[in-house]
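The values are calculated or read from the model by the stated rules, or taken from the named source; none is laboratory data. These figures come from a predicted structure and were not determined experimentally. Note that we place each Cβ from the backbone using ideal geometry, even for glycine, and neighbour counts take in every protein chain shown. Heads up: the accessible areas ignore ligands, DNA and RNA and are worked out on the full protein's heavy atoms, side chains in. Shrake-Rupley method; radii C 1.70, N 1.55, O 1.52, S 1.80 Å.
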Amino acid sequence: MQLHFSPSMRSITISSSNGFIDLMKIKVAARHISYRTVFHTILILAFLLPFVFILTAVVTLEDCLGRRLGPRLLGRVDDSGRLVRDFYKILNQVNTEEIPAGLKLPDSFNQLVSEMKNNQYDARTFAFMLRAMMENFEREIRESKFSELMNKHFAASSVPKGIHCLSLRLTDEYSSNAHARKQLPPPELLPLLSDNSYHHFILSTDNILAASVVVASAVQSSLKPEKIVFHIITDKKTYAGMHSWFALNPVSPAIVEVKGVHQFDWLTRENVPVLEAVENQNGIRNYYHGNHIAGANLSATTPRTFASKLQARSPKYISLLNHLRIYIPELFPNLDKVVFLDDDVVIQKDLSPLWEIDLGGKVNGAVETCRGEDEWVMSKRFRNYFNFSHPLVAKNLDPEECAWAYGMNIFDLSTWRKTNIRETYHSWLKENLKSNLTMWKLGTLPPALIAFRGHVHPIDPSWHMLGLGYQNKTNLDSVARAAVIHYNGQSKPWLQIGFEHLRPFWTKYVNYSNDFVRNCHILDS
């Protein structure tokens, strides 16, 4: 603060130290100043000086702190805040308008900055440019995701070169090596194939490597491997190779029987209507083998929905081997109780206690899949499998009914033979065919969910852990504790698209020292 006296001494001026503000000018009488005037002047100064001091301090702080404090204390408007509000307004306007035709988009953020600098874009043009770039990137990401899903579907549906090689070499071995053709099991053990004091497993597959892992893991995990009997069913083209593998690689003391579907007299078109339906209806073959993109409105669907539809169109769902489980009582008329296994499972604990479970007069001992917190794997109800907009489905089924898992099931065949489960299965298959496959989309489980209604006994979930073929974030500790782990889903452990952190639970049972496995470069990286 400064005091300035005029040369004539007729006035006194009070100003701030930076010289910008004249706070007060006092005129002094020419001849004399009364004591009253002096008193009033001092009184006014006493009130003004504190304010002047505060104002001077604020101005000084503004200079020191980059003018961050001043606007708040003095009520001034911050330019950056106003700029942001103006930009929000422009963005909202641009969001409701059409993007100008012919707008040329930069390829990167750096190019956008460069063009802004060179062309002096205004805020509106910049906003349009930003929106167009974002929409373009989103569209490219979406298209890439659908392409990824299609490629994954093709990878999951194809046979890896190494596994195809294994089948061909073993088939050739069957024709040239007597040891590969030896009887399975040896004649003296044939009576044990129908001995109900043994633990009978049934496996239906055309994948030799997968079958070898299932059998090896079951035998190595068993406390009584000498009580194990495996009944392996395969198709005609794989029979020779499958037989060769287990003839040349015995799993003693366990017993293995290999049979082709052509060796079952009961499997005729008259007894199995699904055979004729699958072979003769072009609509089914086109659905599973046709163009999965044609007619699909990708802009109106999500990648997750599209992935589900692709999985539902896996060619395995029209394979007889996939439907065989519903005919087990007729295929093995002398057996009372069996455990059915899918070929994409690994057994990690002794399963003999399964034969001790009292099914309470039920046919199917299975893990329910509606009791867990996992939304991907253990939250499945009928609504997840059936189309409840179909009148026949809506009339007969409850969307909230709990689903259960195929892949590791205890079947009481004696009780099963007293039911009409197979007939119910067939009748619903026919209805779905007549409805052009609109009642359900996923293979053999939906008709089985209907056929086994009232015949399922829930077993503890620790016996059967699902989802390793599509749940990337599966907890490894939970995997290690489960008795049976199931790689259901597209990412099978024998495929390159299998999850790397989950594959070791399966590969530990692959015999990499075997000449056929080594020469076919199985899972060679």
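Here are the numbers for this structure:
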read-out	value
Single unsatisfied condition, Gly102 versus (1) under 17 Å from Glu135 (Cβ atoms); (2) at pLDDT 75 or above	(2)
Verdict on Leu193 being within 30 Å of Glu226 (Cβ to Cβ) and surrounded by 10 or more Cβ atoms within 10 Å (Cβ to Cβ)	yes
Which numbered condition Ser175 misses (of (1) outside the structural domain of Gly241 (by the TED database); (2) loosely packed, with under 12 Cβ neighbours inside 10 Å)	(1)
Extreme residue, modelled with the lowest pLDDT, among residues of the range 487-525 that are under 26 Å from the mean Cα position of the chain (by Cα) and among the small types (Gly, Ala, Ser)	Ser525
Failed item in (1) at pLDDT below 85; (2) in contact with a Gly (Cβ under 7 Å, 6 or more places away or on another chain), with Tyr239 passing the rest	(1)
Failed criterion for Val484 (all others in (1) at pLDDT 95 or above; (2) out of contact with any Leu (no Cβ under 8 Å at 6 or more places or on another chain) hold)	(2)
Residue in the range 153-172 that is among the acidic types (Asp, Glu) and without any contact (Cβ under 8 Å) to a residue 60 or more places away in the chain present	yes
Subset of the range 462-500 (residues that are open to solvent by 70 Å² or more (accessible area, probe 1.4 Å) and in contact (Cβ under 8 Å) with a residue 24 or more places away in the chain)	Tyr470, Asn472, Leu476, Gln496
Some residue of the range 121-130 being part of a helix (DSSP H, G or I), aromatic (Phe, Trp, Tyr) and assigned by the TED database to the domain that holds Ile347	no
Enumeration of residues in the range 449-461 that are open to solvent by less than 20 Å² (accessible area, probe 1.4 Å) and either within 24 Å of the chain's Cα centre (by Cα) or not assigned by the TED database to the domain that holds His486 (or both)	Leu449
Residue within the range 363-372 that is at pLDDT below 95 and open to solvent by 40 Å² or more (accessible area, probe 1.4 Å) present	yes
Residue ranges of strands (runs of 3 or more DSSP E) in the range 163-272 with at least 1 members touching a Pro at 6+ places or on another chain (Cβ under 9 Å)	228-234, 255-260
Counted residues, the range 232-243 - those being out of contact with any Ser or Thr (no Cβ under 7 Å at 6 or more places or on another chain) and touching a residue at least 60 places away in the same chain (Cβ under 8 Å)	2
Residue among Lys337, Lys349, Lys362 that alone is more than 19 Å from Val456 (Cα to Cα) and among the basic types (Lys, Arg)	Lys349
Among residues of the range 248-267, those that are without any contact (Cβ under 8 Å) to a residue 40 or more places away in the chain and either over 19 Å from Lys236 (Cα atoms) or open to solvent by less than 20 Å² (accessible area, probe 1.4 Å) (or both), counted	6
Residue that is most open to solvent (accessible area, probe 1.4 Å), among those in the range 382-435 that are closer than 29 Å to Ser462 by Cβ and among the charged types (D, E, K, R)	Arg383
Odd one out for Ser167, checked against (1) surrounded by fewer than 17 Cβ atoms within 10 Å (Cβ to Cβ); (2) small (Gly, Ala, Ser); (3) closer than 24 Å to Leu341 by Cα	(1)
Selection within the range 488-525 - among the hydroxyl-bearing types (Ser, Thr, Tyr) and within 17 Å of Ser212 (Cα to Cα)	Thr507, Tyr509, Tyr512, Ser513
Cβ pairs under 9 Å, 6+ apart, first in the range 324-342 and under 11 Å from Asn409 (Cβ atoms) and modelled with pLDDT under 95, second open to solvent by 20 Å² or more (accessible area, probe 1.4 Å) and basic (Lys, Arg)	none
